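Here is the structure we will look at.
The values are calculated or read from the model by the stated rules, or taken from the named source; none is laboratory data. Note that this is a predicted model, so its numbers are computed, not measured. Counting neighbours? That spans all protein chains shown, and the Cβs are built from the backbone with ideal geometry, glycine included. Heavy atoms of the whole protein, side chains included, go into the accessibility calculation; ligands, DNA and RNA do not. Shrake-Rupley method; radii C 1.70, N 1.55, O 1.52, S 1.80 Å.
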Amino acid sequence: MERVPRLYVESRPGDCLRDSIAVEDCVVIQGNVEVWLGKGERLPEFVDADKATLLKKEVYDRFYLYVDRLEQKMVVDAIMVLPDGRTRIYLKKGDRLMLLPVEGFTKTLIANVGNRVRTGDAFAAVTTRKGEVHYLKPPKTGTVVFIDEITHRPHYVYYLLPEE
């Protein structure tokens, strides 16, 4: 069974904390201090919730809701914790993403979430009805942050965070 990343997205104070106690799993960021709280845990006194950014745990499959697809930018701050539990990807509001569609008769996904894909690397393969195989390569080097499966048209969209 494949494990999925955990996603934390920017939220309103009441969605994450009530009376300095976490209503659900959340992350509180104030300056360079990061506090990870589980449901029912108390916020430390040295952190001011009014001055902090609060991120609540969200279902990973809903990542696409926090991306403006027309401008290809993040609409909120977010943190993604990869299944290894150590690797974190920080996404800021306004960060540009690359949305790369994978369409064809049959599709083979090569890169997975958290993988770094360089300009010359194939991230997916598409087989046409004639049996030709085409390898899709990104225009810039980046990290795969989400793979969206579109159900009404069977294809995928890769969300890559490009490197500067």
* **Mean ellipticity per residue at 222 nm, deg cm²/dmol - from DSSP H runs of n ≥ 4 across the chain, formula -39500 (n - 2.57)** => -500 deg cm²/dmol
* For the chain, accessible area per residue (1.4 Å probe, heavy atoms of protein chains only), Å² -> 61
* To do: Pick out, in residue order, every one of the GluC sites (Glu not before Pro) in region 22-100 that is DSSP loop and has at most 15 other C-beta atoms within 10 Å; say none if there are none.
  => E24, E41, E45, E71
* To do: Give the accessible area for D84 in Å² (nearest 10); use a 1.4 Å probe, count only protein heavy atoms, and leave out ligands, DNA and RNA.
  => 80
* Given the chain, longest segment not containing exposed loop chymotrypsin sites (Phe, Trp or Tyr not before Pro) (DSSP; at most 16 other Cβ within 10 Å) -> 106-164
* To do: Just flag the trypsin sites (Lys or Arg not before Pro) in region 103-164 sitting in loop per DSSP whose Cβ has no more than 10 other Cβ atoms within 10 Å.
  => R129, K130
* Give, as a single signed number, the net charge of other residues whose beta carbon lies under 14 Å from the beta carbon of L136, with Lys and Arg counted +1 and Asp and Glu -1. => +1
* To do: In vacuum, with every alpha carbon of region 22-147 counted as one equal point scatterer, what does the Debye formula give for log10 I(q)/I(0) at q = 0.13, 0.23 Å⁻¹? Two decimals, please.
  => -0.66, -1.40
* Asked: Out of region 1-89, which trypsin sites (Lys or Arg not before Pro) are coil in DSSP terms and have no more than 10 other C-beta atoms within 10 Å?
  -> R3, K51, R86
* With a 1.4 Å probe and every protein chain kept in, tell me what percent of the accessible surface of region 1-118 is carbon plus sulfur. => 47
